[in-house]
Amino acid sequence: MRGKPAIKRIASPDPKYGNATLGKFINYVMQGGKKTVAQKIVYRALDIASEGLKKEQVKIFEEVLDTIRPQVEVRSRRVGGANYQVPMPVRGERQNSLAFRWLIAAARNFKGRDMAASLAEVFKQTLEGVGDAIKKRDDVLRMAEANKAFAHFARFGRR
């Protein structure tokens, strides 16, 4: 490895609730550097979801993330000329980034609605245990379960 490893930058918390995870999610929603637009979308989505669910906005966001975060995923591993899908635990940072990605992708699949309404609908569906984001999480979990037989390959070091 050449040079120094990149310094880990800490995303600033969102201005309304002071939540660092929500600030990171806003950065994921942002397109073209338009952060204020992304903030409006996320805050409006949380407002819509809280009206329907009668809960506090940040609580809804935290519950959705806890529901959608994957615990294990499969990673490709080459052993003796064959590639195996090896189930491995997911690091905390990656859990969040996968959850954010799945939530945003599910919201973008709704056609004919604005992003805030779509995101609010995805939040509601996730808390009910249905929808595209839940399906994606279950698919990842199912793949890990199916490849549990190769879990012993995760313990070996690189060869």
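Meeting the requirement of 1 or more residues that are out of contact with any Asp or Glu (no Cβ under 7 Å at 6 or more places or on another chain), of a type in the set (K, R) and without any contact (Cβ under 8 Å) to a residue 24 or more places away in the chain, the helices (runs of 4 or more DSSP H) wholly within segment 64-148 are 92-108, 132-146.
Okay, residues lined up against (1) more than 21 Å from Y28 (Cβ to Cβ); (2) more than 8 Å from the chain's Cα centre (by Cα); (3) at pLDDT below 90:
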{"position": "I68", "(1), (2), (3)": "no, no, no"}
{"position": "Q71", "(1), (2), (3)": "no, yes, no"}
{"position": "R75", "(1), (2), (3)": "yes, yes, no"}
{"position": "G80", "(1), (2), (3)": "yes, yes, yes"}
{"position": "M88", "(1), (2), (3)": "yes, yes, no"}
{"position": "R101", "(1), (2), (3)": "no, no, no"}
{"position": "N109", "(1), (2), (3)": "no, yes, no"}
{"position": "D114", "(1), (2), (3)": "no, yes, no"}
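Across segment 106-133, the qualifying residues are those that are among the small types (G, A, S) and open to solvent by less than 10 Å² (accessible area, probe 1.4 Å), and the one among them that is nearest to I41 (Cα to Cα) is A116. If you check I41, I48 for being open to solvent by less than 50 Å² (accessible area, probe 1.4 Å) and assigned to a helix (DSSP H, G or I), only one passes: I41. In a loop (DSSP other than H, G, I, E, B), surrounded by 15 or more Cβ atoms within 10 Å (Cβ to Cβ) and not small (G, A, S): is that true of F61 in this structure? Here the answer is no, as F61 does not meet what is asked. Taking A82, is it over 25 Å from A20 (Cβ atoms), open to solvent by 30 Å² or more (accessible area, probe 1.4 Å) and not acidic (D, E)? It is true that A82 is over 25 Å from A20 (Cβ atoms), open to solvent by 30 Å² or more (accessible area, probe 1.4 Å) and not acidic (D, E).
The values are calculated or read from the model by the stated rules, or taken from the named source; none is laboratory data. Only a predicted model underlies this, so the values are computations on that prediction, with no experimental measurement involved. We place every Cβ from the backbone using ideal geometry, glycine too, and count neighbours over all the protein chains shown. For accessibility, only protein heavy atoms count, side chains too; no ligands or nucleic acids. Shrake-Rupley method; radii C 1.70, N 1.55, O 1.52, S 1.80 Å.
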